[in-house]
Amino acid sequence: MRRKFLLLLETGLVLAGLMLGASAWKVHSALVQPLNIAQEELLEVPKGTTPTRTFYRLEADGVIKDAFWLRLYWRFNLPKQPLHSGEYRMLPGMTVEGLIDLWKRGEMVQYSVTLVEGWNFHQVRAALAKEEKLDHTLDGLSDTQVMDKLGHGGIFPEGRFFPDTYRFVRGMSDAELLKTAYDRLNEVLAKEWERRAPDAPYTEPYQALIMASLVEKETGVPQERGQIAGVFVRRMAIGMLLQTDPTVIYGLGDRYSGKLTRAHLKEPTPYNTYVIAGLPPTPIAMVGREAIHAALNPVAGNSLYFVARGDGSHVFSDDLDAHNNAVREFQLKRRADYRSSPAPATVPDTQETPAAEGQAIPAASPDPAPEALSPVPAQDPAPAPATAPEPDAAAPQSPQ
């Protein structure tokens, strides 16, 4: 009896060994099989999809075989390994094991969108709305509702996002991307605030952000930003109006059609710095680090005026007579190719890039003005324009 039992036990062990060996062979064969594709394909993994479901979907599509054995392999070998949502690039000749390696590394296809210095919030939202790979969760929401959704209710959105190229994976939401840009702006502003000039005339970083937006809209020439900021700071110090055209354009909102007139310069809006003293109530555009640095470190000097040469650069003048001479030379005798700012840079198209998850998926007369900068409200007193301000062709370049 004992001998019979040992024989049965031995037979069972042999069979178990054979079954384990066969299972191991089946798993190995399933892993080393090449993907059945003739050209590059993208595998989309929606949020919440499990490896098991993905294996069976690939099997149903004829891309792989033996999904059952692959499910067992994942269950026993990678029980705590998450399958991140996104898109994975499948190439001819790639094995299932190679695909699983992509999943393990989180090497999803990434795309990019560029938010450009000088854009207003309307343009930012329009750019995100064009990105088909983003999950659009902000469509139909007002700007106020957008900020509520981002967790920053009560904050006016203009100028609150950092211009940069941001990478994202398929399925990432537009709200997530905006949160990244919002946090990035706060990070840059805080660092530059710590490096501000001792005599910078601001009581809070937000005021510097407003000034930076004026600098950003007035010049795209890097070496001029500090000079522009210096002119504006000196004007406020002696009670002169800032008289900068971009604030007039911003205050006009949708009514701006590309031509700025003298009537516009006289029209009272909360943003018209030909009418109001000091800074406008909010930023008027997104700003890059250079503009923020310039606003916090204005270049010392005596100039109170500047006028566009027509090539994007400016002539700075200390007094009104010199400024008027510059206006006659560069404004009243404009060349056919006249520009008040440099030609805009081409915005890169959306690109696909493989990268590991976690990578980072821009003639005035003295007028009474307050001794300190005007208080800055947190909410919007006027709507943002629907389009970006164009170079002014009908009114003199500001300040003047």
> What FRET efficiency do you get for residue 129 and residue 57 if R0 is 30 Å and r is their Cβ-Cβ distance, rounded to the nearest 0.05?
Replying inline: 0.50
> How much net charge surrounds residue 291 when only other residues with a Cβ under 13 Å from its Cβ are counted (Lys, Arg +1; Asp, Glu -1)?
Replying inline: -3
> Which ³J(HN,Hα) values in Hz, rounded to whole numbers, follow from the phi angles of the range 120-134 under the Karplus curve 6.51 cos²θ - 1.76 cosθ + 1.60, where θ = phi - 60° and Gly and Pro get x?
Replying inline: 8, 5, 4, 5, 4, 5, 5, 5, 5, 5, 7, 7, 5, 7, 7
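Which value, in Å to one decimal place, does the Kirkwood hydrodynamic radius take for the range 136-271 when every pair of different Cα atoms is included?
The answer is 17.4 Å.
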> Once Lys and Arg get +1 and Asp and Glu get -1 on their Cβ, which of 283, 175, 313 lies farthest toward the positive end of the dipole of the range 113-356?
Replying inline: 313
> In the structure shown, do any of 47/104; 80/133; 104/133; 149/179; 47/133; 80/149 have a Cα-Cα gap over 20 Å, and if so which?
Replying inline: 80/133; 104/133; 80/149
> If you keep only loop residues by DSSP, which GluC sites (Glu not before Pro) in the range 96-194 have at most 16 other Cβ atoms within 10 Å of their Cβ?
Replying inline: 132
>> Taking the number of other C-beta atoms within 10 Å as the exposure measure, put 193, 69 in order starting with the fewest.
In response: 193, 69
> In the calculated pair distance distribution of the range 25-88, what percentage of Cα-Cα distances lie above 18 Å?
Replying inline: 38
> Counting only the backbone N, which residues of the range 201-243 are under 18 Å from the spot 7 Å out from the Cα of residue 322 toward its beta-carbon?
Replying inline: 224-236, 238
> Which of 122, 314 comes first, and how do the rest follow, when ranked by fewest Cβ neighbours within 10 Å?
Replying inline: 122, 314
> Shape of the range 137-210 from its Cα gyration tensor (a ≥ b ≥ c, root eigenvalues): rounded if a/c is under 1.5, otherwise prolate when a/b > b/c, or oblate?
Replying inline: oblate
> Could you work out Rg/(2.2 N^0.38 Å) for the range 113-356, with Rg from alpha carbons only?
Replying inline: 1.06
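Rule-based calculations on the coordinates, nothing more; no lab input. Keep in mind the model is a prediction, meaning the values are calculated, not measured. Positions of Cβ are backbone-derived with ideal geometry, glycine not excepted, and every protein chain shown enters the neighbour counts.
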